[in-house]
Amino acid sequence: MILMKVKAEGLAHLSYIVGSNGKAAVIDPRRDCDIYLDIAQEHGLRITHILETHRNEDYVAGSRELASLTGASILHGDMPFGYGQTIYDGHEVDLGQAVLRALSTPGHTLESMSFVLYDRTSGPQPVGVFTGDALFVGDVGRTDLFGEDRIRELARLMFDSLHNKLLPLGDSVMIYPAHGSGSACGGNISDREESTIGLEKAKNKALRLISKEDFVAMKAREIMEKPHYFNRMEEMNLTGPPILGRVPRPPVLPPREIIRRSDDGATILDVRAPSSFAGGHFPGDPAELCRVGPGPRSAHRTCRRWAGRPGQHRQGPDQGRI
Ligand SMILES: [Fe+2]
C-alpha cells in the first residue's frame with residue numbers, strides 16, 4: 001500500500017493518493033493534477049476513485065480534471081452537485097489491501113465526509129482518517145461559512161462529528177487533513193503536518209473543550225476572514241469546474257508589452273519570491289499590486305483579498321494571460 005501527500009504551496013492545501021493492488025484513490029485533488037498521474041504510474045497504479053471531503057471553497061477542485069484523464073469515479077457527500085456520485089456514511093471504496101470507509105462528519109459544511117483508512121494486513125482497526133476540513137493538526141474547521149445566523153447550528157454538528165465520530169476511531173489513528181498552516185480554513189493550524197487522534201486529543205485546544213456549550217460559544221466568537229473568492233469557488237465546485245485539459249501556459253512578454261497591457265487595464269500578478277518583489281517591481285498603486293506564490297501568510301491574505309474580488313478582473317482576451 002502507498003499513501004502520499006501532495007501539498008499545494010500558497011493555499012496550504014493537502015491532497016492525498018492512496019493505492020494498493022493496482023488501484024488508487026485521490027482525496028481532494030488539486031486542479032493541476034499531473035502529479036497524481038506521475039505517482040500512480042511510478043507505482044503501477046490506476047486511479048479508479050476520486051473522493052471529495054466536501055464542497056471546497058478556497059480553491060477550484062481538480063476532481064473533474066482528473067476524472068477526465070483517468071475515467072475515475074468522483075464521490076462526495078449528499079449535496080446537489082452537478083457532477084460525480086453521492087457516497088453515504090458507511091459506504092466503502094475497496095482498493096484491495098487498502099479500504100476507505102465514508103464517515104459523515106458535518107460541521108464545516110453540511111455534507112462533509114471523512115474517509116477512514118483500513119489496511120487489511122493490519123487487522124480490523126483503522127490506521128488513518130482523511131479528515132477534510134473537520135479536524136486539522138492543532139485546530140478544527142471553521143463553522144461560519146453559511147453566515148453568522150448558522151454558526152451555532154454548524155458548531156453543534158462539528159462538535160458531534162469530532163467527539164462522536166472522529167475521536168472514537170482510536171488514539172493511534174493518523175489524521176490526514178485537507179489543509180496545513182497558512183490556510184484560510186483554520187486560524188490555528190499547526191505547521192507540523194503529522195499527527196494522530198491521540199496527539200490531537202492531548203494538544204488541540206478546540207478538542208479540549210469537552211462541553212458542547214463551551215465549544216459552540218468558542219466557535220460563535222471566532223472571527224475569520226472570508227475572502228471574496230470563496231463564494232465563486234463554492235459555486236464552481238458545486239456545479240463543476242470546466243475541464244482545462246492542461247495547465248494554461250501564459251506567453252512570455254517583454255516589459256514594454258506588460259506596461260502597454262497594464263495601461264489597457266490588464267491584471268498583473270507578480271509571482272516572484274518576496275525578495276525579488278522588494279528589489280523592484282512595476283510602479284503603480286500599491287492597492288493594485290500583490291505578490292502571489294510561496295511566502296508570508298500576510299502576503300497571501302492580501303492577495304486573496306484583492307485578487308478574488310468579483311468585478312475587479314477585466315474581461316477580454318488578455319484576462320489572466322500576462
Ligand atoms: Fe473547506
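Could you list, ordered by first residue, the pairs with Cβ atoms under 7 Å in which the first is in segment 216-236 and closer than 17 Å to residue 188 by Cβ and the second is small (Gly, Ala, Ser) and in a helix (DSSP H, G or I), at least 6 apart or interchain?
From residues that are closer than 17 Å to residue 188 by Cβ, the pairs are 219/155; 220/155.
Looking at 245, 295, 284, which one is at pLDDT below 80, in contact with a helix residue (DSSP H, G or I) (Cβ under 8 Å, 6 or more places away or on another chain), small (Gly, Ala, Ser) and closer than 22 Å to residue 31 by Cβ?
Just a single option satisfies the conditions, and that option is 295.
Say we look at segment 127-153 and pick out the residues that are closer than 12 Å to residue 219 by Cβ and of a type in the set (D, E, K, R); which of these is nearest to the ligand (Cβ to nearest atom)?
Ranking the qualifying residues of segment 127-153, first place goes to 142.
What is the number of the single condition among (1) in contact with a helix residue (DSSP H, G or I) (Cβ under 7 Å, 6 or more places away or on another chain); (2) of a type in the set (Val, Ile, Thr); (3) free of Cβ contacts under 8 Å to residues at least 60 places away in the same chain that residue 35 does not meet?
All conditions are met except number (1).
Between 155, 178, which is surrounded by 15 or more Cβ atoms within 10 Å (Cβ to Cβ), in contact with a Cys (Cβ under 8 Å, 6 or more places away or on another chain) and of a type outside the set (Asp, Glu)?
Selected residue: 178, the only one of 155, 178 that is surrounded by 15 or more Cβ atoms within 10 Å (Cβ to Cβ), in contact with a Cys (Cβ under 8 Å, 6 or more places away or on another chain) and of a type outside the set (Asp, Glu).
Against the conditions (1) surrounded by fewer than 21 Cβ atoms within 10 Å (Cβ to Cβ); (2) within 16 Å of the ligand (Cβ to nearest atom), where does residue 23 fall short? Just the number, please.
Only one criterion is unmet by residue 23, namely (2).
Tell me, yes or no, whether segment 62-75 has at least one residue that is farther than 28 Å from residue 121 by Cβ and in contact with a Lys or Arg (Cβ under 6 Å, 6 or more places away or on another chain).
Yes, segment 62-75 contains at least one residue that is farther than 28 Å from residue 121 by Cβ and in contact with a Lys or Arg (Cβ under 6 Å, 6 or more places away or on another chain).
Which numbered condition in (1) hydroxyl-bearing (Ser, Thr, Tyr); (2) crowded, with 18+ Cβ neighbours inside 10 Å; (3) more than 16 Å from the ligand (Cβ to nearest atom) is the only one that residue 86 fails?
Condition (2) is where residue 86 drops out.
For segment 124-152, what are the residues that are surrounded by 21 or more Cβ atoms within 10 Å (Cβ to Cβ) and not in a loop (DSSP other than H, G, I, E, B)?
128, 129, 130, 131, 132, 135, 140
The values are calculated or read from the model by the stated rules, or taken from the named source; none is laboratory data. The structure displayed is predicted, hence computed values, not measured ones. Heads up, the Cβs are rebuilt from the backbone with ideal geometry, glycines too, and the neighbour counts pull from every protein chain shown.
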